[in-house]
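Here the structure is laid out as structure tokens; the discussion comes afterwards.
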Ligand code: SF4
């Protein structure tokens, strides 16, 4: 029999602990507790109906009086009991008390607890603020009242030196106390110490494949590889315009984690058949620049062309051109030294190579002046044995290179159109 589950995300107050180093939810501004409104919403929800199971998420603890008043909890419990609706909420163990549970007598009630790991030392490093014994006590109390326990565990938390051993030990421990277990891939989230660790190269997330490899042999356990749409995101206070033709503007940690994400997590669009490598532009986002507008006027006539910019932040698929930091850096060619040009080629050859190793395209094309960016893309393709065609011919480049940007020339754009026509018909 299928259950219709209603999931409510209730913004109310703020987690009382707020200390777990991987948690971004608790760092947001506390939502005011408005009990009258919550009660009215609750009444409406049960009048509308259409569900036979209810789950409540609240970025903290539903059983914490600072987030939800006992009156509200009792009102909810009564409604769930009257309508025979099973209820699942989340809570830290210290709020799982006989008094709080007394309100849910007669309800098919489950409390989900984020244990994360059964290793007390690791739990301390994660600054979880409770021990596995605290979890066990809460679980025993819940069971003694006839309620159920759902346990969340993290795969690959920071400071974990044996990812597989640690999660297997944790699952074995949690099985003794849980009615259901969810193993969750640890991902960097919001403004957290975990994000700082990723930026400092001290920790990195597992890909979906790596995650499923680790948990492959676990039966009777729910597996959650991506709890939110994971993409490198930097809180406002982290962002800045990165300026200058410098080593920092090649290897800034914000670029490094993006390149890591593009190589290990990103999936190019399904329609992308041809990788078309393009130069960056002083104007950001790139797609608003003259070069990219002209290129788009040609490319839009064909299906399957994926535009990919190569610049000092690395490889940038065009769909990210208005994402930080790709829309917030400046690299002045007049500041370039022979040494920094050499580093630019080295860095980008490596990044293009890793990108192409991770993502297979039918053909690789570029539309680039015969300069450092072309040299980097060419080197990457040569090392991979991938034929590279520059849609801008050497002849056209030589002919116009002293008269402004040769990529703006009608002849060059015609060559781009011809190259795409030959490949895509
Ligand atoms: S993981 Fe849970 S307990 Fe820890 S800070 Fe976040 S909301 Fe609070």
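What follows draws every value from the coordinates through simple rules; no lab data is involved. As the structure is a computational prediction, the values presented were derived from the model and not from experiment. Cβ sites come from the backbone with ideal geometry, for glycine too, and all protein chains shown count toward neighbours.
Here are a few things to note about the model shown:
- Against the numbered list (1) over 39 Å from the mean Cα position of the chain (by Cα); (2) under 17 Å from residue 307 (Cα atoms), residue 377 comes up short only at (1).
- The set of residues from the stretch 221-239 being under 20 Å from residue 313 (Cβ atoms) and in a loop (DSSP other than H, G, I, E, B) comprises 230, 231, 232, 233, 234, 235, 239.
- Whichever residue in the stretch 104-125 is within 27 Å of residue 52 (Cβ to Cβ) and within 14 Å of the ligand (Cβ to nearest atom) and, among such residues, is surrounded by the most Cβ atoms within 10 Å (Cβ to Cβ): 111
- Per the listing 56, 21, the residue uniquely on the phi < 0 side of the Ramachandran plot and touching a strand residue (DSSP E or B) at 6+ places or on another chain (Cβ under 7 Å) is 56.
- Taking strands (runs of 3 or more DSSP E) as the structural unit, those lying wholly within the stretch 1-103 and holding at least 1 residues that are loosely packed, with under 15 Cβ neighbours inside 10 Å and away from the ligand (no atom under 16 Å from the Cβ) correspond to 5-9.
- Note on the stretch 376-395: residues that are buried (at least 18 other Cβ atoms within 10 Å of the Cβ) and out of contact with any strand residue (DSSP E or B) (no Cβ under 9 Å at 6 or more places or on another chain) total 1.
- Residue check, residue 296 in contact (Cβ under 8 Å) with a residue 12 or more places away in the chain and more than 22 Å from the chain's Cα centre (by Cα): no
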